[in-house]
1. Quickly work out the Asn137-to-Glu58 label distance, labels modelled 7 Å from Cα along the C-beta direction, and quote it in nm with one decimal.
2. Quick one: of the DSSP bridges fully inside the chain, what percent are antiparallel, nearest 5?
3. Students sometimes get this wrong: rank Met14, Met113, Met330 by accessible area, probe 1.4 Å, all chains present, largest first.
4. Considering only protein heavy atoms and a 1.4 Å probe, what is the carbon-and-sulfur percentage of the accessible area of segment 141-319?
5. Based on the inverse mean of 1/r over its pairs of different Cα atoms, what is the Kirkwood hydrodynamic radius of segment 141-319, in Å?
6. Return the sequence-ordered ³J(HN,Hα) values of segment 71-77 in whole Hz as given by the Karplus equation 6.51 cos²θ - 1.76 cosθ + 1.60 applied to θ = phi - 60°, using x for Gly and Pro.
7. Each label point is 7 Å from the Cα along the Cα-to-Cβ direction; what then is the distance between the points at Leu312 and Ser44, in nm?
8. Extension gain Ala205-Trp83, at 0.36 nm per residue separation less the Cα-Cα distance, in nm?
Amino acid sequence: MCYPTWRVLVISVMNILGIETSCDETSAAVVSGGRQVLSSVVRSQVELHGAYGGVVPEIAARSHVEALPSVIEKAVKDSNVGWDGIDAVSVTYGPGLASSLLVGLSAAKALSMRLRKPFCAINHIEAHIYSVFLGENAPQFESVCPFISLVVSGGHTSLHRVDGVGRYTLLGQTMDDAAGEAFDKGANLLGLGYPGGPAIDKAGANGKTDFVRFPIGRQKCSNKVFAGLDPKLCFSFSGLKTALRYYLDRNPTGGDKANIASIAASYQEAIVDALLARCRTAIRKKACLSVSGGVSLNSRLRVRLQELAEELRIRLLLAEPKYCADNAAMVAGLAGAGGGIWGDEAMNLDVEPSLSLGFLADSLNA
Ligand code: KG4
Ligand code: ZN
């Protein structure tokens, strides 16, 4: 999709209110001109879901209903532009949990009608891709195109070739669990609590990365939906989690901290190895790689990506830590860059829990 220049010019001077409720963070933000974050409020539900070892959709949706009004009020207040200064309303409409998405989408539509301001619906994966362009020191989106994007989060693990705002080619994605899910399930098996990514990151910091040789998932892409994708660019993490379970059955840790640290470090290394191998294959002649999503907070992944970028002499774009996990600034930012679906078409949209992004690549040369 290519947007007319007038549309991008008009939108790029707007103060846009963004709303994000696709999973378990209730977030609102105001972003000016697609890059300048005037306010960003993120209310996490981690404590509510921790006891269950994962996100409980009913609890998430109810909590969004309770938190969203005050989160939006705070974002508008913190932005110092006031309600009169809001030029448009944007919101995530998919992918994500249906009941959680519905809360944000309904609120955003109502606000847009009440304020009589334009309305924009945003794809959550596209917003994660855009997150590396937030902040006045970040590069301009179009200046680094085409580039390869890796989105790694609790719900998604996908590689895209990006040719511009709204122009994406899907190169590969996970066939089963997302990388964040692998962290969360692994941490659960190791008794490290929820969310698992930060827990494994912390526990593994002093462990030996070669203590256990976990397998890097092999991909078959046998599923018809993914038939067009190159197996060398797809991911699989469910076998890794099973390997950890079998390992722990045979080698109980007995709560030994040094032992747990090294198992966590080895498990993390296997996930990072899998992510880097696909990035290495995808980059080929492209000069720039962006990595975003909650898992991009992982300290070992960030170090290994930096090494890869130096080795391949490519530019590496990482989102600022505050924009890695789910947040509404990336939603408002992308809308301000001319992305998303606008107007009546957006108003008529329902939530799309399984929304995907981009055309399928025919081959690695796509
Ligand atoms: O982007 P995000 O907030 O939500 C989704 O769109 O899914 O990502 C959440 C995921 C969780 O699985 C969490 O365990 C993971 O990001 N995560 C991490 C780290 N911090 C958060 N994974 C690895 N290392 C971290 N430091
Ligand atoms: Zn996300």
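The values are calculated or read from the model by the stated rules, or taken from the named source; none is laboratory data. What you see is a predicted model, and the numbers here were worked out from it, not measured in a lab. As a convention, Cβ positions derive from the backbone with ideal geometry for all residues, glycine included, and neighbour counts pool all protein chains shown. When the accessible area is computed, the model is the full protein with side chains, heavy atoms only, and any ligands, DNA or RNA have been set aside. Shrake-Rupley method; radii C 1.70, N 1.55, O 1.52, S 1.80 Å.
1. 4.7
2. Values: 28 of 48 bridges.
Rounded to the nearest five, the antiparallel share is 60 percent.
3. Values: Met14 25, Met113 125, Met330 0 Å².
Heavy-atom accessible area, descending, gives Met113, Met14, Met330.
4. Percent of accessible area from carbon and sulfur atoms in segment 141-319: 48.
5. 16.6
6. 5, 5, 4, 5, 4, 5, 5
7. My value for the distance between the label points is 3.0 nm.
8. This chain segment gains 39.4 nm when fully extended.
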